[in-house]
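Okay, structure first, notes after.
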Amino acid sequence: VDGHLQVLNRAPAMLLHLPQVLDADTLAEARSLLADATWVDGRATAGPQAATVKHNQQLAADSPVAARLQALVLAGFDRHALFFSAALPKRVLPPMFNRYAGDANHYGNHVDQAIRHIPSGPHTGQRVRTDLSCTLFLADPSSYDGGELVIADTFASPRVKLAAGDAVLYPGTSVHRVEPVTRGVRLASFFWIESLVRSDEQRRLLFDMDQALMQLRTRDGESAEAVALTGTYHNLLRLWADT
Ligand code: NI
């Protein structure tokens, strides 16, 4: 993936690169928390199909550092305007953390479960539809070989390996895999989002309109046309959003 290419393809199944979700200080804190963490077999949270191809480790859900790590990650996404514009989040599952290294170094082709339950906290048991998947890269890409996230069912099967602190947002419907890590350690956080707008196509139209509107405002200020189109954006959102 070209780090400068924001929208990785123009098909409805959009992959979006979200740069600098975590700053250097936050990244350093997350890495130091993960360095002392307890890791368990990743199959603990996989469905039956995925479990047959999943060979990685995950942070134990009851790990004492999990809550702090989740807060760091969610705060990064909360500040990220591009994430909001693209995901239009309604519910977000608590971020999880994984580790690919040694013998537990890959995850074969699979589709994520459509419905997941919030495992802990005030919304325990609440169902979340996984419209979008998000992976936040935490290790410096030069520190490990392999470990590309491959979105297998889009036109170009992009191979995604991003700078530490950057994330990729992609449709939950995608068949995807993580290639074997042959050197070093790949650390990442991942989570799912239920969007206010269920349809990838409608969400994509809103995203394109929102981005064009921001550019229009930057160029011309609050012109009458920008105000009118902003109204159209919100009226489409009202039409399509399910709160
Ligand atoms: Ni997956």
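The values are calculated or read from the model by the stated rules, or taken from the named source; none is laboratory data. Fair warning: this is a prediction, and the values are worked out from it, not measured in the lab. Positions of Cβ are backbone-derived with ideal geometry, glycine not excepted, and every protein chain shown enters the neighbour counts. Accessible surface areas use protein heavy atoms only, side chains included; no ligands, DNA or RNA. Shrake-Rupley method; radii C 1.70, N 1.55, O 1.52, S 1.80 Å.
Among strands (runs of 3 or more DSSP E) entirely within the range 148-216, having at least 2 residues that are under 16 Å from Phe97 (Cα atoms) and open to solvent by less than 40 Å² (accessible area, probe 1.4 Å) singles out 167-171, 186-195. Of all residues in the range 121-130, those that are at negative phi, open to solvent by less than 50 Å² (accessible area, probe 1.4 Å) and free of Cβ contacts under 8 Å to residues at least 40 places away in the same chain total 0.
Within the range 217-237, how many residues turn out to be open to solvent by 80 Å² or more (accessible area, probe 1.4 Å) and closer than 16 Å to Phe84 by Cα? The total comes to 1.
Answer yes or no as to whether Ala37 is farther than 14 Å from Leu136 by Cα, open to solvent by less than 60 Å² (accessible area, probe 1.4 Å) and either assigned to a loop (DSSP other than H, G, I, E, B) or within 16 Å of the ligand (Cβ to nearest atom) (or both). For Ala37, the condition - farther than 14 Å from Leu136 by Cα, open to solvent by less than 60 Å² (accessible area, probe 1.4 Å) and either assigned to a loop (DSSP other than H, G, I, E, B) or within 16 Å of the ligand (Cβ to nearest atom) (or both) - is met.
Count of the range 117-132 residues, restricted to those that are within 16 Å of the ligand (Cβ to nearest atom), under 10 Å from Leu93 (Cβ atoms) and not in a loop (DSSP other than H, G, I, E, B), is 1.
Might you let me know whether the range 1-16 holds any residue that is open to solvent by 50 Å² or more (accessible area, probe 1.4 Å) and at pLDDT 95 or above? Scanning the range 1-16, I find no residue that is open to solvent by 50 Å² or more (accessible area, probe 1.4 Å) and at pLDDT 95 or above, so the answer is no.
Among the criteria (1) crowded, with 16+ Cβ neighbours inside 10 Å; (2) touching a residue at least 60 places away in the same chain (Cβ under 8 Å); (3) among the β-branched types (Val, Ile, Thr); (4) out of contact with any His (no Cβ under 6 Å at 6 or more places or on another chain), the one Ile118 does not fulfil is (2).
Taking the range 132-147, which residues are touching a Gly at 6+ places or on another chain (Cβ under 7 Å) and open to solvent by 20 Å² or more (accessible area, probe 1.4 Å)? The answer is Ser143, Asp145.
I'd like to check something: does the range 77-91 contain any residue that is farther than 30 Å from Asp208 by Cβ, open to solvent by 20 Å² or more (accessible area, probe 1.4 Å) and not aromatic (Phe, Trp, Tyr)? So far as the range 77-91 goes, no, none of its residues is farther than 30 Å from Asp208 by Cβ, open to solvent by 20 Å² or more (accessible area, probe 1.4 Å) and not aromatic (Phe, Trp, Tyr). Taking the conditions (1) modelled with pLDDT under 95; (2) in contact with a Cys (Cβ under 6 Å, 6 or more places away or on another chain) in turn, Thr173 satisfies each one other than (2).
The one condition from (1) modelled with pLDDT under 90; (2) outside any helix (DSSP H, G or I) that Leu22 does not meet is (1). Scanning the range 159-217 for residues that are among the small types (Gly, Ala, Ser) and either away from the ligand (no atom under 16 Å from the Cβ) or more than 28 Å from Gln126 (Cα to Cα) (or both) yields Ala163, Ala164, Gly165, Gly184, Ser195, Ser199, Ala212.
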